[in-house]
Every structure is written in structure tokens, then in C-alpha cells.
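The values are calculated or read from the model by the stated rules, or taken from the named source; none is laboratory data. Please read these numbers as outputs of a predicted model, since none were measured by experiment. So basically every Cβ, Gly included, is an ideal-geometry build from the backbone, and we count neighbours across all protein chains shown.
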Amino acid sequence: MPHLTSRQVLALVTNYGVEQDELLEPVRHLRDRGAVVTLAAVSRDDVRTLVGDEKPGEAVAPDTTIDEVDPAGFDLLLVPGGTINADSLRQHARAVAVVDAFTSSGRPVAAICHGPWALVEAGRVAGATLTSYPSLATDIRNAGGTWVDEPVVRDGGAGFPLITSRSPRDIPDFLREIDAVLAD
């Protein structure tokens, strides 16, 4: 089990519709291993998670807002899914700018389920091989990426380390690859 003390992770979400397990399981996992995880949301209101895009999940307080966060000090960007969350996040200009800041500097991004939509919006999937919830396959291909149906994909083809997974059932594989990237 890797020890991640001093590693800084930024989780980027909207305040409604993030898939509960895709946010909370990675955050708890990383914190348990010593990483500092900062949750940035659109506003300082509670983040209302959902289970299966429809049932109410846990509410969590964000640490900061997307507009206030400086992405420079972080080692990894976590972009969880949830259809509503991901669709809203990719329409938030500052969120897309944060994704671009990570990818342009060569720092790793971990995106699960619908989370890769933010990478598509930022124009950062060209040359990458990645996975996601299957409904994003056409968007990823149209943006120049290669979509595959695998539990987890770790790839550097777009010029930065990219970890992607399809859905909550792939979280153990997703976390294994996040640990490996942060332990490097």
C-alpha cells in the first residue's frame, strides 16, 4: 500500500449530480494514504452527490471554489463523473481552464465515468487512449482520442499521464493506477 504523504490532489466537481462513489471513494482512499485532497466546487454550497444519477447520496462540503483554487500546487487532478456533474462541469469555463492547466504542465489527470467530458471540452484527448462511460465513446473519438472498453486505462499519448475508468464498478482498478502515478 503506497504512502502518499505530501501528495496534493485536487478534486473538481459541480455542486449537484456528481456520482457519490466516484468522488467519495477516491477521496477517502487518498486521504487514508496520507494525501491532501482539496475538493473544489462551483460554489461553497454543499456538494449534493447522487447514486446512479438519480438517488440522493451524501452531501459534502467543498474546501474551496473552482474560481478561487490555484491549480499550480497540485500533483493530480481528479475528475469524477455523474452525468449531470460532468455535463455541467464542461460548461464551466474556469473548470476547463483548470483541466488545461494540469494537462499543459504534464501533470496527471484521473477521470472516471463521464469525467472525461472535461478533457474533451479542454481539447486534451487527441493522441490519448482512454475509457469512460460508453456513451462518451463518440465524443472521445471525434476529439481525436482512442476509446477502449477496459476497466482502467493509463496512457501518456496526449502528453500527460491520464488515468480513466468506466464506472463505479471499476473504482478498485482506478485507485490502483492513481496510487501508482502518485507514488512515482
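For this structure, a couple of remarks:
- Val98 satisfies every condition listed in (1) among the aliphatic types (A, V, I, L, M); (2) assigned to a loop (DSSP other than H, G, I, E, B); (3) touching a Pro at 6+ places or on another chain (Cβ under 7 Å) except (2).
- Scan of region 164-184 for residues that are buried (at least 17 other Cβ atoms within 10 Å of the Cβ), within 18 Å of Ala35 (Cβ to Cβ) and among the acidic types (Asp, Glu), ordered by number: Glu177, Asp179
- Checking each residue in region 141-174 for being touching a helix residue (DSSP H, G or I) at 6+ places or on another chain (Cβ under 6 Å) and either in a loop (DSSP other than H, G, I, E, B) or over 19 Å from Ala101 (Cα atoms) (or both) picks out Ala143, Trp147, Pro151, Val152, Arg154, Phe160, Pro161, Ser165, Pro168, Ile171.
- Residues in region 52-80 that are assigned to a strand (DSSP E or B) and either among the aromatic types (Phe, Trp, Tyr) or within 17 Å of the chain's Cα centre (by Cα) (or both): Val60, Thr64, Thr65, Leu76, Leu77, Leu78, Val79.
- Here Pro56, Pro80 are screened, and the one residue that is without any contact (Cβ under 8 Å) to a residue 12 or more places away in the chain and touching a strand residue (DSSP E or B) at 6+ places or on another chain (Cβ under 8 Å) is Pro56.
- For region 126-163, a residue qualifies if it is in contact with a Ser or Thr (Cβ under 9 Å, 6 or more places away or on another chain), of a type in the set (Ser, Thr, Tyr) and surrounded by fewer than 19 Cβ atoms within 10 Å (Cβ to Cβ), and the qualifying residues are Ser135, Thr146.
- Top-ranked residue in region 1-39 [being among the hydrophobic types (A, V, I, L, M, F, W, C) and in a strand (DSSP E or B); ranked as farthest from the chain's Cα centre (by Cα)]: Val36
- Pairs with Cβ under 9 Å, 6+ apart, first in region 111-127 and without any contact (Cβ under 8 Å) to a residue 24 or more places away in the chain and under 18 Å from Glu177 (Cβ atoms), second polar (S, T, N, Q) and surrounded by 24 or more Cβ atoms within 10 Å (Cβ to Cβ): none
- The condition of being at pLDDT 95 or above, of a type in the set (A, V, I, L, M) and within 18 Å of Val181 (Cβ to Cβ) holds for only one of Val18, Val37, that being Val37.
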